[in-house]
Amino acid sequence: MSRPEIQAPPEIFYNDEEARKYTSSSRIIDIQAKLSERALELLALPNDGVPRLLLDIGCGSGLSGETLSENGHQWIGLDISESMLSVALEREVEGDLMLGDMGQGLGIRPGVIDGAISISAVQQWLCNADKSSHEPRLRLKAFFGSLYRCLARGARAVFQVYPESLAQRELILGFAMRAGFAGGVVVDYPHSTKMRKEYLVLTCGPPSLSTVTPKTKGEDEESCSEDESSGDDENQTVCISDRHRPRKKQRVTKKGKGREWVLKKKQQMRKKGNVVPADTKYTARKRKDRF
């Protein structure tokens, strides 16, 4: 079965029929509850009994929001599917609901959110161009920039994701770091094909001594640290990235700037959103001294 983001845009895929089918599935309800509990655990909120204001991005019909309410927190839910939000209203969820596209920015007052979670939404609906005007990199930039502004200093954001590739994971994490976040990826059950789950754990602000590295769950239902994980890059359980880490300088050689080099540079410019002329058979062809 293909992923929802491949079949249609979220506002179209989750119509009235699909929204009710999704919400009435006992399997989906159980999965959402477990993922939301884990995301809330990774938020590492203070255990002082004080309710926090949390943001549920891609809240759908409010299944993940119910977990937040059960833990005594107040929440705001954002979703692009009007059908999903209508089902949430029928179910009388306790959170406040907003209809909007996360790729256009969140539009929430700065510094008022104590934490944010997202279950299977950020990677699915930001990394796919559903319209000709959609550019995944610009949407990721707008999303993480607005999220950083609305979070309180030191607050966390936890996103459960299903990256299609390592490159997609690095793309998402890279734009998060550029927005100002510190953090990385936590992988639960890295050696299990069925139970493997990835969480992007971000902290609003630069890393500090008080920043606690999240721990991952292993095969034996116990938490294990990065030191106990395999050295294999594919099975690495915790990966913390520092946005202040100096980047390696790439070697630039003047030799070999032929057609392949020019096409690569043009593609990089397109990914940045710049207008670049189309590739033709004349691209990178050396001009004669005179016509």
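The values are calculated or read from the model by the stated rules, or taken from the named source; none is laboratory data. Computed from a prediction, not measured in an experiment: that's the story for all the values here. Note that each Cβ is placed from the backbone with ideal geometry, even for glycine, and that neighbours are counted across all protein chains shown. Remember, those area values only see protein heavy atoms, side chains included, never the ligands or the DNA or RNA. Shrake-Rupley method; radii C 1.70, N 1.55, O 1.52, S 1.80 Å.
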### Query
Here is a list of conditions, (1) of a type outside the set (D, E); (2) within 28 Å of K272 (Cα to Cα); (3) part of a loop (DSSP other than H, G, I, E, B), and A142 meets all of them except one; can you say which number that is?
(3)
## Note on the structure
Per the list (1) surrounded by 15 or more Cβ atoms within 10 Å (Cβ to Cβ); (2) in a helix (DSSP H, G or I), residue check on C59 breaks on (2)
### Query
Residue check: is G183 farther than 23 Å from I80 by Cβ and not hydroxyl-bearing (S, T, Y)?
yes
### Query
For region 125-171, how many residues are modelled with pLDDT of 90 or more and among the β-branched types (V, I, T)?
1
### Task
Would you be able to say whether some residue in region 227-240 is at pLDDT 65 or above and open to solvent by 100 Å² or more (accessible area, probe 1.4 Å)?
no
### Query
Of all residues in region 64-77, which are surrounded by fewer than 24 Cβ atoms within 10 Å (Cβ to Cβ), touching a residue at least 24 places away in the same chain (Cβ under 8 Å) and not in a loop (DSSP other than H, G, I, E, B)?
E66, T67, S69, I76
### Query
Only one residue in P46, P136 is closer than 22 Å to L202 by Cα and without any contact (Cβ under 8 Å) to a residue 12 or more places away in the chain, so which one is that?
P46
